[in-house]
1. At 1.4 Å probe radius, can you tell me the per residue accessible area of the range 26-75 in Å²?
2. Remind me, relative contact order of the chain in percent, using alpha carbon pairs under 8 angstrom and six or more residues apart?
3. Can you list the HN-Hα couplings for the range 88-95, worked out from phi with the Karplus curve (6.51, -1.76, 1.60; θ = phi - 60°), rounded to whole Hz and with x for Gly and Pro?
4. Helix 2-43 versus the longest principal axis of the chain: what is the Cα-based angle in degrees, 0 to 90, to the nearest 10?
5. For mean projected area of the Cα convex hull in nm², the choices are [x] 10.3; [y] 11.0; [z] 7.7; which was calculated from the structure?
6. Ranked from highest to lowest mean number of other Cβ atoms within 10 Å per residue, what is the order of the peptides 34-44, 65-75, 79-89?
7. Given the options Thr94, Pro130, Leu71, identify the residue whose Cα lies farthest towards the positive end of the charge dipole of the range 34-146 (+1 on Cβ of Lys, Arg; -1 on Cβ of Asp, Glu).
8. Using only Cα atoms and rounding to the nearest 10 degrees, what angle (0 to 90) does helix 109-126 make with the longest principal axis of the chain?
Amino acid sequence: MRTWESLDRQLGTYTWSALGLLGIAVVIALIGIANTLGLSVLERAREHAMLRALGLTRGRLRWMLATEAVLLSVVATVLGTVIGVGFAWVGYETVVTRALRGAAMRVPWWSLVVVVVIVALAGLVAAVVPTRRAARVTPAAGLSLD
C-alpha cells in the first residue's frame, strides 16, 4: 500500500509540474497573440479603414478584432489540449499500465475547461492594445496608407 501512495504522490508532482509548464506556455502564447494582432493591425490598416468608411463603428471594429483574438487563442488551446491528452494516453498505455496493473487514467476535464476559459480571457486581454490602436485610425487616414 505504501508504494501506491508514493507513486500517487509522484504522479501528482508530475501533474503539477505539467500545469506549471502550461502556465508558462499560456504567458508565451499571450505575447504571441498580442504580437500577431499588432502585426495584423498594421498590415490590415486599409481593410479596417475601408470597414470604418462603410459604416463600421470603432466599437464594432474593436469587437471584431477581440473576437479574432479569442478565437485564435481558444482554437490553439483546444488543439493543444487534444494533442496533449493524446500524448498522455500513449504514455499511459506504454509506461503506466505495464508498471501498475490497476492504475486508471483520469483526465481532469473540468480543469481543462477552466484553462480554456482563462486562455479565452487572456486572449481578450492581449487584444486590448492592438484593437485600440486599430480603432484610432480615421477612415481617411487609413485609406491613404500605402
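The values are calculated or read from the model by the stated rules, or taken from the named source; none is laboratory data. As the structure is a computational prediction, the values presented were derived from the model and not from experiment. Cβ coordinates were reconstructed from backbone atoms using ideal geometry, including for glycine residues, and neighbour counts include every protein chain displayed. These area figures cover heavy atoms from the full protein model, side chains too; ligands, DNA and RNA do not enter into them. Shrake-Rupley method; radii C 1.70, N 1.55, O 1.52, S 1.80 Å.
1. 61
2. 47
3. 5, 5, 4, x, 4, 5, 8, 10
4. For 2-43 against the chain, the angle is about 10 degrees.
5. Entry [x].
6. In descending order of packing, they fall as 65-75, 34-44, 79-89.
7. It is Pro130, whose Cα lies furthest towards the positive end.
8. Computed tilt is about 30 degrees.
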